[in-house]
Structures are given as C-alpha cells and as structure tokens.
Amino acid sequence: MENVKGYIAARVAMELKDGNVVNLGIGLPTMVVNYLPEGVRIILHAENGIVGSGPKPAPGMESTYFVDAGGQPASVVLGGACIDSATSFGIIRGGHVDATVLGALEVDEEGNLANWIIPGKMVPGMGGAMDLVTGAKKVIIAMEHTNKGVPKILKKCRLPLTAPKVVDLIVTEMGVIQVTDKGLELIEYNPEFTIEQIQAATEATLIIPRDVKERWATDIPALSARKSFL
Amino acid sequence: MAKIITVDEAAEHIKDGMSVMVGGFMGCGNPLAVVDALVRRGSKDLTIICNDAAWPGFGVAKLITNGQVKKLIATHVGLNKEVGQKMNSGELEVDLIPQGTFAERIRCGGNGMGGFLTPTGLGTMVAEGKQVINTNGRDYLLELPLRADAALIVGYKVDRNGNVWYKGNSRTFNVVMATAADLVIVEADNIVELGDIEPENVVTQGIFIDYIADPSRGWRNA
C-alpha cells in the first residue's frame, strides 16, 4: 500500500481526544499531529521541557533555544510553557500525560514492550521512554507491522524490555490491535490485507472478534483532507 | 558572591579524574564555550554526567572524541555513533539511566534526599541489583542520589549575583545540576545587572553558583 506511515499516523490520531496532553516519540509518531480529526486540539508535551509544543519553525525563524527531543528546531504555541527536566518527568510519572505514542522493536501478547537496546548491536539508550510508558495513561505503539517481513508482534519479547505490561494499543498499516487480559485482539483491520495475511505477519496468535471492523484509508477523513499542523 | 571569570579560567577548575555534570539536551542548554575550553585544557579521565552525547563535533561529543572521558552517565546516546563505537570497543564506559530517574537522582543529590521511589524501570535491566520497596500496594525501585565534583551549566541571563534566567527550553537539566555539585560554573550568554532579572523570574538562585564564565572574554571556538 502507499502512504503506510500516513495511514498509521492518521489512525493513531483518531485515538486522541480534544484537550489531551500527548507525548509523541521521534519519527513516525511525530506525524500524528498532521492528521488530527476536525475539532481535536491536543497539548503536546515534549520531555525536554515544553508543555504546548508548536509546529516546526519556518525557515529563518529557528532558535537554538527551542529544540525538540531529537535536537531539531522547535517552537512553543501561544499559551505554552517551558519547564525543567525534573518537572517534565514529574508530569510524566505523575499521570498527567493522557497518551504517549512510540515506536517499538518488539511488542508481545502481554503488552510487554522492547524499544531501547539491541545488545551488542545498537545501544541508543532509553531516553524518556521507560518513564513515558510507565506514567502515561495510555500507551499507543505506532509502527509498521513487521520489520521487512520479520514479525515484531511476538508471543514473548526477546529483546530487553523497556517496561512490562504497559502497551494498550498497537496501530500498524494492517490494523489496530488491543492488548487484553486474554491476549491480542484485532479490533480493526485494513481490508487491503486479509485477516490471514495479518495473522501470518504476526507471531502472536490474534483474537479475531466477530465484529472486527474494516477501515479503508478512505474511511479516515484526515488522511484525504490533510490539514495543517494543530 | 559569584566571581566572573573567562571560560578558560573556568576550565582550569576541572581537574583530571573529576566527575562533571553538563547541563542541556541535544546541544540546547549545553555550556558550549566552557566545554570548548575544557577541550583546550585537555583534562583527562573525566566522568561526564549529561543527558546525551549530542552528535559528533558538537558540545560534550568533542570531549569524547578527544579521549578525555572515561565514563559517560547519560540517558540517550543514539544520535552519536561514536559513543556506540567507543562503548563496544571498551574505550568508554557508558551508564544509561531512564531520563526521569536521571533528573530526579540529581534533584535528590542537590536537595539532601537519601533517594526516591519510582515505578520506572521495574521488570527491566534497570532494576538489576536495586531494592524494590512496596508502598500503598505498589512496587517501586529505590533510586539513589547523584552528585558530582563540578557542574557546568548555561544561562541566557545571569546577573552579577549569579541568578539565572533560561531562555526557551534550554533549562532542562541545568536547574537540578546547579544544586548537585561541589563546584558550579554557569556560562552566561549575557551578564546583566542586579534587578534585570525580576526576583520572581529567577530560576536558579545565585547562592548555588560559584563562578560565572563569560564567553565574551575571549571565547575561541575549539
């Protein structure tokens, strides 16, 4: 399918409610703000000290005093605030962030998440991820369903965990998976794929409810009518 | 009262083997001029405590490239490939700490606290060797305070008493680090008169500051 990342970001955006305080990870999750449904305004929390992050500044308007968590130029919306790191993580651990959207290396059927280290290969560090998934009220994983065909949604994570039992929802180009006490439930799928194809791309056994919804890309208004940021 | 010195005089205070906190996040809020002076001075075997390693050729990354760092205590080093390479080759010891725990351990270090309880890291590698304490029916990890021999921070406006105001989101770890080291040096983007920062807007109070490093007094980019 085309625009895989757009589909995922736009579908995640539908989970956010007006007024939510949201922290978005680097990469795909950042795209979520481009697809917020009509009438939904969120307050973006950046762990490096902004409550109310704004759009990427226009060329020539960048300041070395305003950067995002990836070190790129950032801005603060009118009515936003700057805070120090201890306060920022107090907001996170204290349950004041409604939702966090992150990528994953692996997720499993218990909602365990691994996204900070591949021992001996890649050691980026956890940054704020461990605090975010522990403290945020809702943890949404936004990622491509597989790593070039290799399943990332597993029976049991093999990489060191970022945190156990924290994931609420997994959104991929193939569908939306809810983490439940019984396992992973495919609550919605993209009919560009069959349910058999989705199961084949998933190591964990998916629970398929009778009323599993179909969601074509054309069913996501924000995806066709792309609006400007915020 | 804090004394105004040059960035090279500031670097003179950082001796071989010291532990040094460096404020900021991905270069924003990093005391770049003092770090450059420290590269020129060449102090060795440093333990650097900084959120990240920025990227090669910038900020604390220069100290790592220059072989001055024995150990790095950080939360995220993914944007500096050199750190990964030196870590894998055993040239550099790296301790990775969850970012909220990093901030709070430093806050405890500066605030006379014996540690704090956090749910972050439970059930992960971070919990290895740490005490788990249950309060009100929930498990927490006991995390201990973090202090350093010196802290290098940066402020946009610094008055002659050492009171600091930070611009944008450059305050990050500067605020807690200013409280948690035996020697604290603030690099001043601008040195202002007393009263130019309204008392209500002082973020880091001058009582924490030992020296104000003034880059306008001969900062050469290293």
Subject >> Where A:G127 falls short, out of the listed (1) more than 18 Å from B:T75 (Cα to Cα); (2) touching a residue at least 60 places away in the same chain (Cβ under 8 Å) >> reply: (1)
Original post:
Which of the residues belonging to the stretch A:75-90 are more than 12 Å from A:H45 (Cβ to Cβ) and outside any strand (DSSP E or B)?
Top reply: A:S75, A:D84, A:S85, A:A86
Original post:
When you scan the stretch A:110-124, how many residues do you find that are touching a helix residue (DSSP H, G or I) at 6+ places or on another chain (Cβ under 9 Å), in contact (Cβ under 8 Å) with a residue 24 or more places away in the chain and assigned to a loop (DSSP other than H, G, I, E, B)?
Top reply: 3
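Criterion first (over 25 Å from A:S88 (Cβ atoms), of a type in the set (A, V, I, L, M) and modelled with pLDDT under 95) does A:I118 satisfy it? Before you say what the answer is, go through the steps one by one.
On the way: over 25 Å from A:S88 (Cβ atoms): yes; of a type in the set (A, V, I, L, M): yes; modelled with pLDDT under 95: yes.
Yes, satisfied.
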**OP:** Please verify whether the stretch A:74-85 includes one or more residues that are modelled with pLDDT under 95, crowded, with 23+ Cβ neighbours inside 10 Å, farther than 21 Å from A:A142 by Cβ and among the aliphatic types (A, V, I, L, M).
**Re:** no
Subject >> Residues (assigned to a loop (DSSP other than H, G, I, E, B) and either at negative phi or within 11 Å of chain B (Cβ to nearest Cβ) (or both)) located in the stretch A:31-55 >> reply: A:L36, A:P37, A:E38, A:V40, A:R41, A:I42, A:E47, A:N48, A:G49, A:G54, A:P55
**OP:** Could you please give the count of residues in the stretch A:89-132 that are β-branched (V, I, T), closer than 20 Å to B:M125 by Cα and touching a strand residue (DSSP E or B) at 6+ places or on another chain (Cβ under 7 Å)?
**Re:** 1
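Yes or no, residue by residue, for (1) modelled with pLDDT under 95; (2) surrounded by fewer than 24 Cβ atoms within 10 Å (Cβ to Cβ); (3) within 14 Å of chain A (Cβ to nearest Cβ):
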| site | (1), (2), (3) |
| --- | --- |
| B:D16 | no, yes, no |
| B:M21 | no, no, yes |
| B:P31 | no, no, yes |
| B:R41 | no, yes, no |
| B:P56 | yes, yes, yes |
| B:N80 | yes, no, yes |
| B:L96 | no, yes, yes |
| B:C108 | no, yes, yes |
Original post:
Among (1) more than 10 Å from chain A (Cβ to nearest Cβ); (2) hydroxyl-bearing (S, T, Y); (3) under 24 Å from B:L46 (Cα atoms), where does B:T135 come up short?
Top reply: (3)
**OP:** Could you please find all residues in the stretch A:5-27 being part of a helix (DSSP H, G or I) and surrounded by 16 or more Cβ atoms within 10 Å (Cβ to Cβ)?
**Re:** A:G6, A:Y7, A:I8, A:A9, A:A10, A:R11, A:V12, A:A13
**OP:** Being surrounded by 24 or more Cβ atoms within 10 Å (Cβ to Cβ) and closer than 23 Å to A:E62 by Cα is the filter here, so list the residues in the stretch B:165-185 that pass it.
**Re:** B:Y166, B:N169, B:S170, B:R171, B:T172, B:F173, B:N174
Original post:
Which members of the stretch A:192-210 meet the condition of being surrounded by fewer than 14 Cβ atoms within 10 Å (Cβ to Cβ) and either among the polar types (S, T, N, Q) or closer than 19 Å to A:M14 by Cα (or both)?
Top reply: A:T194, A:Q197, A:T205
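Determine which member of the set B:A222, B:A213 is modelled with pLDDT under 95, more than 11 Å from chain A (Cβ to nearest Cβ) and in contact with an Asp or Glu (Cβ under 8 Å, 6 or more places away or on another chain). Lay out the reasoning, then the answer.
Numbers: B:A213 fails: modelled with pLDDT under 95.
When all the criteria are applied, what remains is B:A222.
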Original post:
Only one of (1) within 24 Å of A:A114 (Cα to Cα); (2) under 20 Å from the mean Cα position of the chain (by Cα); (3) surrounded by 19 or more Cβ atoms within 10 Å (Cβ to Cβ); (4) without any contact (Cβ under 8 Å) to a residue 24 or more places away in the chain fails for B:I73. Which number is that?
Top reply: (4)
**OP:** Pull up the stretch A:56-71, narrow it to residues that are modelled with pLDDT of 90 or more and at the interface with chain B (Cβ under 7 Å from one of its Cβ atoms), then point me to the one that is farthest from B:G78 (Cα to Cα).
**Re:** A:S63
Original post:
Any chance the stretch A:98-109 includes a residue that's facing chain B (nearest Cβ under 8 Å), free of Cβ contacts under 8 Å to residues at least 60 places away in the same chain and more than 13 Å from the chain's Cα centre (by Cα)?
Top reply: no
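Of all the strands (runs of 3 or more DSSP E) wholly in the stretch B:108-222, which have at least 2 residues that are free of Cβ contacts under 8 Å to residues at least 60 places away in the same chain, farther than 28 Å from A:A136 by Cα and within 18 Å of the chain's Cα centre (by Cα)?
B:148-159, B:181-192
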**OP:** Pick out, from the stretch B:1-73, the strands (runs of 3 or more DSSP E) lying fully within it that include 3 or more residues that are under 25 Å from B:G90 (Cα atoms) and not basic (K, R).
**Re:** B:19-22, B:46-49
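Only one of these is of a type in the set (S, T, N, Q), over 26 Å from A:D68 (Cα atoms) and under 12 Å from the mean Cα position of the chain (by Cα): B:S19, B:S43. Name it.
Numbers: B:S43 fails: under 12 Å from the mean Cα position of the chain (by Cα).
Every option except B:S19 fails the conditions.
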Original post:
Would the stretch A:144-153 turn up any residue that is more than 14 Å from the chain's Cα centre (by Cα), among the polar types (S, T, N, Q) and either more than 10 Å from chain B (Cβ to nearest Cβ) or outside any helix (DSSP H, G or I) (or both)?
Top reply: yes
**OP:** Just need a number here: residues in the stretch B:193-207 that are under 15 Å from B:R171 (Cα atoms) and surrounded by 13 or more Cβ atoms within 10 Å (Cβ to Cβ).
**Re:** 4
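The values are calculated or read from the model by the stated rules, or taken from the named source; none is laboratory data. All values derive from a computational prediction rather than experimental measurement. Glycine gets a Cβ as well: all are built from the backbone with ideal geometry, and neighbour counts include every protein chain shown.
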